[in-house]
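**Student:** Take a look at this one; I'll ask things after.
The values are calculated or read from the model by the stated rules, or taken from the named source; none is laboratory data. All of these numbers come straight from a predicted model, not from anything done at the bench. For neighbour counting, all protein chains shown are included, and Cβ atoms are generated from backbone atoms with ideal geometry for every residue, glycine included.
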Amino acid sequence: MRVAYADPPYPGCAGRYPEKTEVDHPALIARLVDEYPDGWALSTHAPALRDLLPLCPPDVRVLSWVKPWAVFKPGVGVAYAWEPVLFRGGRKRTRKQPTVRDWMSVGITLRRGLVGAKPDAFCYWLFAVFNPQPGDLLDDLYPGTGAVTRAWSRWQAQMELRTA
């Protein structure tokens with residue numbers, strides 16, 4: 001199984017990153033659908049959900065990363081304390097495997113080099129949702145700090161130890 005994770009600058013947020021270039025999300029979603037039939041996930045923010053979800057196939061699920069601690073901005077009456085993760089595919093779970101929740105609650109990372117760097121617990125939850133086996137591949141399409149790729153390497157090493 002070969003899956004992809006995309007964590008690009010969220011729509012309207014490119015100015016927070018060195019490239020300062022908006023991502024063409026319709027083209028990105030089309031690429032994910034075409035190149036990753038086994039599965040893919042796309043992180044975004046709540047304000048973009050209404051625009052991105054209609055671009056997705058009907059079998060896409062909206063997962064939730066809940067942030068127990070979030071920045072409260074002046075003038076925003078309801079905090080943005082979660083992020084949607086658009087998810088498709090993955091390996092079907094057997095009845096013997098534990099069920100994975102469609103949400104994860106874990107705090108944000110700080111001082112990781114880029115805004116939005118994902119914590120290890122988020123990565124491990126996402127990998128569990130994909131339900132990989134040893135030898136499966138994950139393409140991290142926006143590697144940023146490299147945190148997701150490093151977490152995937154650790155996840156794969158643990159799986160190989162469990163099956164050895």
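**Student:** In this structure, does Thr44 turn out to be farther than 22 Å from Lys92 by Cβ, polar (S, T, N, Q) and touching a residue at least 24 places away in the same chain (Cβ under 8 Å)?
**Tutor:** Numbers: farther than 22 Å from Lys92 by Cβ: yes; polar (S, T, N, Q): yes; touching a residue at least 24 places away in the same chain (Cβ under 8 Å): yes.
Spelling it out, Thr44 is indeed farther than 22 Å from Lys92 by Cβ, polar (S, T, N, Q) and touching a residue at least 24 places away in the same chain (Cβ under 8 Å).
**Student:** Which residues, taken from the stretch 140-164, are in a loop (DSSP other than H, G, I, E, B), under 29 Å from Glu19 (Cα atoms) and out of contact with any Lys or Arg (no Cβ under 9 Å at 6 or more places or on another chain)? Full working, then the answer.
**Tutor:** So in the stretch 140-164, the residues in a loop (DSSP other than H, G, I, E, B) come out as 141-146, 164.
Narrowing further to those that are under 29 Å from Glu19 (Cα atoms): 141-146.
Across the stretch 140-164, the qualifying residues are Tyr142, Pro143, Gly146.
**Student:** If you go through the stretch 21-32 one residue at a time, how many are hydrophobic (A, V, I, L, M, F, W, C) and within 15 Å of Asp140 (Cα to Cα)? Please lay out each step first, then the result.
**Tutor:** So in the stretch 21-32, the residues hydrophobic (A, V, I, L, M, F, W, C) come out as 23, 27-30, 32.
Subset that is within 15 Å of Asp140 (Cα to Cα): 28-29, 32.
The total comes to 3.
**Student:** Out of all the residues in the stretch 107-119, is one or more under 19 Å from the mean Cα position of the chain (by Cα), among the aliphatic types (A, V, I, L, M) and exposed (fewer than 12 other Cβ atoms within 10 Å of the Cβ)? Even if it seems obvious, please write down each step before you answer.
**Tutor:** Of all residues in the stretch 107-119, those under 19 Å from the mean Cα position of the chain (by Cα) come to 107-110, 112-119.
Next, only the ones that are among the aliphatic types (A, V, I, L, M) stay: 108, 110, 114-115, 117.
In the following step, the residues that additionally are exposed (fewer than 12 other Cβ atoms within 10 Å of the Cβ) were identified as 110.
The answer is yes, given that some residue of the stretch 107-119 is under 19 Å from the mean Cα position of the chain (by Cα), among the aliphatic types (A, V, I, L, M) and exposed (fewer than 12 other Cβ atoms within 10 Å of the Cβ).
Residue by residue, here is whether (1) farther than 19 Å from Tyr124 by Cα; (2) surrounded by 13 or more Cβ atoms within 10 Å (Cβ to Cβ) holds:
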| position | (1), (2) |
| --- | --- |
| Lys20 | yes, no |
| Ile29 | yes, yes |
| Val62 | no, yes |
| Trp69 | yes, no |
| Gln97 | no, no |
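**Student:** If you go through the stretch 82-89 one residue at a time, do you hit one that is surrounded by fewer than 10 Cβ atoms within 10 Å (Cβ to Cβ) and of a type in the set (Asp, Glu)?
**Tutor:** Step one: list which residues in the stretch 82-89 are surrounded by fewer than 10 Cβ atoms within 10 Å (Cβ to Cβ), which gives none.
Taking every residue of the stretch 82-89 in turn, none turns out to be surrounded by fewer than 10 Cβ atoms within 10 Å (Cβ to Cβ) and of a type in the set (Asp, Glu).
**Student:** Name every residue in the stretch 69-96 that is β-branched (Val, Ile, Thr) and farther than 18 Å from His45 by Cα, in order of residue number.
**Tutor:** Residues of the stretch 69-96 that are β-branched (Val, Ile, Thr), as a first pass: 71, 76, 78, 85, 94.
If the condition is that a residue be β-branched (Val, Ile, Thr) and farther than 18 Å from His45 by Cα, then Thr94 is the only one that fits.
**Student:** Just checking, how many residues over the stretch 82-97 are touching a residue at least 24 places away in the same chain (Cβ under 8 Å) and either within 20 Å of Ala4 (Cβ to Cβ) or charged (D, E, K, R) (or both)? So that I can check it myself, show each step before the final result.
**Tutor:** So the first thing to find is which residues in the stretch 82-97 are touching a residue at least 24 places away in the same chain (Cβ under 8 Å), and the list is 82-93, 97.
Subsequent filtering for residues that are either within 20 Å of Ala4 (Cβ to Cβ) or charged (D, E, K, R) (or both) retains 83-93.
Result for the stretch 82-97: 11.
**Student:** Sticking with this structure for a sec: Can you spot a residue in the stretch 74-90 that is closer than 24 Å to Arg31 by Cβ, hydrophobic (A, V, I, L, M, F, W, C), in contact with a Ser or Thr (Cβ under 6 Å, 6 or more places away or on another chain) and at pLDDT 90 or above?
**Tutor:** Taking the stretch 74-90 as the starting set, the residues that turn out to be closer than 24 Å to Arg31 by Cβ are 83-90.
Now drop any that are not hydrophobic (A, V, I, L, M, F, W, C), which leaves 85-87.
Now drop any that are not in contact with a Ser or Thr (Cβ under 6 Å, 6 or more places away or on another chain), which leaves 85.
Next, only the ones that are at pLDDT 90 or above stay: 85.
Looking for residues that are closer than 24 Å to Arg31 by Cβ, hydrophobic (A, V, I, L, M, F, W, C), in contact with a Ser or Thr (Cβ under 6 Å, 6 or more places away or on another chain) and at pLDDT 90 or above, one finds at least one in the stretch 74-90, hence yes.
**Student:** Suppose we filter the stretch 1-16 for residues that are surrounded by fewer than 17 Cβ atoms within 10 Å (Cβ to Cβ), closer than 23 Å to Gly146 by Cβ and touching a residue at least 24 places away in the same chain (Cβ under 8 Å); how many remain?
**Tutor:** Residues meeting the conditions: 2.
**Student:** Determine which member of the set Ala117, Ala157, Ala79, Ala70 is of a type in the set (A, V, I, L, M) and within 19 Å of Val3 (Cβ to Cβ). Break it down stepwise before answering.
**Tutor:** On the way: Ala117 fails: within 19 Å of Val3 (Cβ to Cβ); Ala79 fails: within 19 Å of Val3 (Cβ to Cβ); Ala70 fails: within 19 Å of Val3 (Cβ to Cβ).
Criteria check complete, one pass: Ala157.
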